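Below you'll find the structure, written out as structure tokens, and then a few comments.
The values are calculated or read from the model by the stated rules, or taken from the named source; none is laboratory data. On a predicted model such as this, the values are computed, not experimentally measured, just so you know. Methodologically, a virtual Cβ is constructed for each residue, glycine included, from the backbone with ideal geometry; neighbour enumeration extends over all protein chains shown. Accessible surface areas use protein heavy atoms only, side chains included; no ligands, DNA or RNA. Shrake-Rupley method; radii C 1.70, N 1.55, O 1.52, S 1.80 Å.
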Amino acid sequence: MNLFKRLFKFGSAEAHAAIDKMEDPIKMSEQAIRDLKGDLDNSLQSLAEVKAIAIRSRRETEQAGAEADDYKHKAMRLLQRASSGELTQEEADRLASRALEQQTQAQQNAERAKGERDKYDRMAADLEYRIQDLRSQITQWENELKTLKARAKVSSATKKINRQMAQIDSSSTIATLEKMRTRVEEEEALAESYGDMAKPTRSLDDEIDQALGSSGGSASLETLKQEMGLNDDGNRSDKA
């Protein structure tokens, strides 16, 4: 028997856990608020009905009290008329007794109506207290729902960012950057190479003239000086 109880408790726990995973806290809160507002509407309707009965009982109390006073005054007037000789004492006593009986009945009706009025007034007070409590709960739940929605948005955004960050492979990112840097360096070297190739080239004659330019000029100058008979210091030499 205990084994079956344990299995039942285990199954119930698993079922509740599955339900907890499936249920949305925000939707649950919204449904709870709708339920509370439904209770509030029912309580307001009940309060209106109870207050209507209390009002009717109060009117019955006032009416019955007025009738009791009226019958008492009638009995007094009947006795006064008997005293003045307008009615016989026997007739006055009979009618006055009947009036007093009606007064008693009216007083009983007034007391009964007053009891009902007091009862429904207490019920109305209890319902008003419950309505105030329900309104307070609804306000509290609505505030909590706003907070819950805000927290849900933040947690969803945080989860999304963390998931994206978790999917980023830092090693692969560094390797990609290294490849890009190597590729850029290769492109820069290739561009420099093409720049060197684009420089104007010299012909063979230009290279020969450049190689012979300095020495050839010097030899021609010395030959000219000898023909003119000038020595190294620039003076004409003496002829023998």
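Does S83 fit the bill of being of a type in the set (S, T, Y) and open to solvent by 90 Å² or more (accessible area, probe 1.4 Å)?
Values: of a type in the set (S, T, Y): yes; open to solvent by 90 Å² or more (accessible area, probe 1.4 Å): yes.
The answer is yes for S83.
Taking the numbered list (1) open to solvent by less than 80 Å² (accessible area, probe 1.4 Å); (2) without any contact (Cβ under 8 Å) to a residue 24 or more places away in the chain; (3) under 30 Å from A150 (Cβ atoms) in turn, A52 passes all entries but (3). Evaluation of A124 against the conditions (1) open to solvent by 80 Å² or more (accessible area, probe 1.4 Å); (2) of a type outside the set (K, R); (3) in a helix (DSSP H, G or I) shows that the sole unmet condition is (1).
Scanning segment 127-165 for residues that are of a type in the set (F, W, Y) and surrounded by 17 or more Cβ atoms within 10 Å (Cβ to Cβ) yields a total of 1.
Looking at segment 63-78, is at least one residue open to solvent by 90 Å² or more (accessible area, probe 1.4 Å), at pLDDT 90 or above and under 30 Å from A125 (Cα atoms)? Looking for residues that are open to solvent by 90 Å² or more (accessible area, probe 1.4 Å), at pLDDT 90 or above and under 30 Å from A125 (Cα atoms), one finds at least one in segment 63-78, hence yes.
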